[in-house]
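Working notes, structure below.
The values are calculated or read from the model by the stated rules, or taken from the named source; none is laboratory data. Small disclaimer: the values here were computed from a predicted structure and weren't measured. Note that each Cβ is placed from the backbone with ideal geometry, even for glycine, and that neighbours are counted across all protein chains shown.
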Amino acid sequence: MNRLDNNQPRTHVIDRDFLEHRAKLIDLAAFLDRCERAEGSDDFRLRALRAAIPLLIDGQAERARRVLESFSDPTNEPIAEAPGKGASGAWEGSH
Amino acid sequence: MRYIDPHAHMVSRTTDDYEKMALAGCRALTEPAFWAGYDRCSAEGFRDYFNQLTAIEPARARTYGIHHFTWLCINPKEAEDVGFAREVMQVIPEFLPKDNVLGIGEIGLNKNSKNELRVLEEHLEIAAQHQALVLVHTPHLEDKQKGTRLIMEAVRNQPTIDPGRVLIDHVEEHTVKEVLDGGFWGGMTLYPDTKCTAKRAADILETCGTERLWMNSACDWGPSNPLSVPTAALELQARGHHPEAIDHVIFKNPMNFLRQAPAFAKRAEAIDVGHPPQ
């Protein structure tokens, strides 16, 4: 296989990307705070988001793949009729 | 830098975007038929759209020295009405001989419904009858993994279509390996909020290899960046990847897939050396 081998030292990756991802993490924290200040309760999307967060710190590889799968419809058969055109970002059936 | 943007919805973009893409090194782009943001009222509306894709957009692109190619279909977002989709599919063969038409696309699934699947299968029959290349849209977000699997199964059920002549687009970390393992080509669509970012695309190339993968901007009427392919190239460069390896991903890979279409093969040498369209 023709790979683009990444020989970057970890310090280079951290130097380049840390601040960007620090900001994204704080955005996520602020989003959860904002949701909890708002009236009402969690819906399936927020439950799916909460369920995905532990995957980030479970020490296992391929976190991006596993987070995407946690949001995905795991069924195999086509549905009877399209309910509309849009996607919500999380499968309602699992959360 | 030279690159090909193999999935760009230029009907949504201003002429300034053609200029920016040309300045960034875009030699050619391919434009799949897609959903306009509203459902068309008649098959004749698609005839107008196919005229735009085969006459108007090539002329706009030519002004900036970019070779323009296109793919024809009724997008899965308008495929729930099978009767209407069949009316549109009857129009497609009339346009397939045009000199910038590469094949059928972007067909696929949106919500993974039975009707969408039926229309996908009928598009695949057209592709098989005309020995046309196929460009496939995979569903968004939570529907993507299931839809990608249903699409691959539908292609496999059409034995005259070689998976090596099918590009399955919008792959992400949870679908890319199955697509490549199935012998298909995979496309990574670089969007700011959904699909794949430039950094994640670079990660996928580093972990899955560079064979049978391309990157595209999609650059449609939603949040999207027509310069996302060169932006991803800069990301690869910043990670220390060799210029030849980057050229392989952003130029040679799309060349190798697209030149399987006679309309592209005729102009492949001109694109390779940087001659503008005539």
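Side notes on the structure shown:
- Every listed requirement among (1) facing chain B (nearest Cβ under 7 Å); (2) not in a helix (DSSP H, G or I) is met by A:Gln60 save one, (1).
- Meeting the requirement of 1 or more residues that are in contact with a helix residue (DSSP H, G or I) (Cβ under 7 Å, 6 or more places away or on another chain) and either under 16 Å from B:His9 (Cα atoms) or of a type in the set (Phe, Trp, Tyr) (or both), the helices (runs of 4 or more DSSP H) wholly within region B:38-145 are B:43-51, B:57-62, B:82-95.
Residues are listed down the side, and each one gets a yes or a no for (1) in contact with a Gly (Cβ under 6 Å, 6 or more places away or on another chain); (2) within 21 Å of B:Glu19 (Cβ to Cβ); (3) not aliphatic (A, V, I, L, M):
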residue	(1), (2), (3)
B:Arg200	no, no, yes
B:Ile204	no, no, no
B:Glu211	no, no, yes
B:Asn216	yes, yes, yes
B:Thr231	no, yes, yes
B:Glu235	no, no, yes
B:Arg239	no, no, yes
B:Asn256	no, no, yes
B:Arg259	no, no, yes
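- Yes/no for A:Asp5 being of a type in the set (D, E, K, R), in a loop (DSSP other than H, G, I, E, B) and within 9 Å of chain B (Cβ to nearest Cβ): yes
- Near pairs, Cβ below 9 angstrom, 6+ apart or cross-chain, from region A:73-90 (at the interface with another protein chain (Cβ under 7 Å from one of its Cβ atoms)) to any residue that is surrounded by fewer than 11 Cβ atoms within 10 Å (Cβ to Cβ): A:Asp73/A:Gly93; A:Thr75/A:Gly93
- Flag if B:Ile104 is under 16 Å from B:Asp169 (Cβ atoms) and crowded, with 19+ Cβ neighbours inside 10 Å: yes
- Of all residues in region B:229-244, one or more are more than 14 Å from chain A (Cβ to nearest Cβ), within 19 Å of B:Thr197 (Cα to Cα) and touching a residue at least 60 places away in the same chain (Cβ under 8 Å).
- Hey, B:Ala218 of a type outside the set (Asp, Glu), crowded, with 19+ Cβ neighbours inside 10 Å, more than 13 Å from every other protein chain (Cβ to nearest Cβ) and on the phi > 0 side of the Ramachandran plot or not: yes
- Among residues of region A:37-50 that are exposed (fewer than 13 other Cβ atoms within 10 Å of the Cβ), none has a beta-carbon under 6 Å from a residue that is not hydroxyl-bearing (Ser, Thr, Tyr) at least six positions away or on a different chain.
- The single residue among A:Leu32, A:Leu46, A:Leu55 that is in contact with a Cys (Cβ under 7 Å, 6 or more places away or on another chain) and more than 10 Å from chain B (Cβ to nearest Cβ) turns out to be A:Leu46.
- Every listed requirement among (1) more than 26 Å from A:Glu62 (Cβ to Cβ); (2) surrounded by 15 or more Cβ atoms within 10 Å (Cβ to Cβ) is met by B:Pro243 save one, (2).
- Selection status of B:Pro276, within 30 Å of B:Ile126 (Cβ to Cβ) and at pLDDT 95 or above: no
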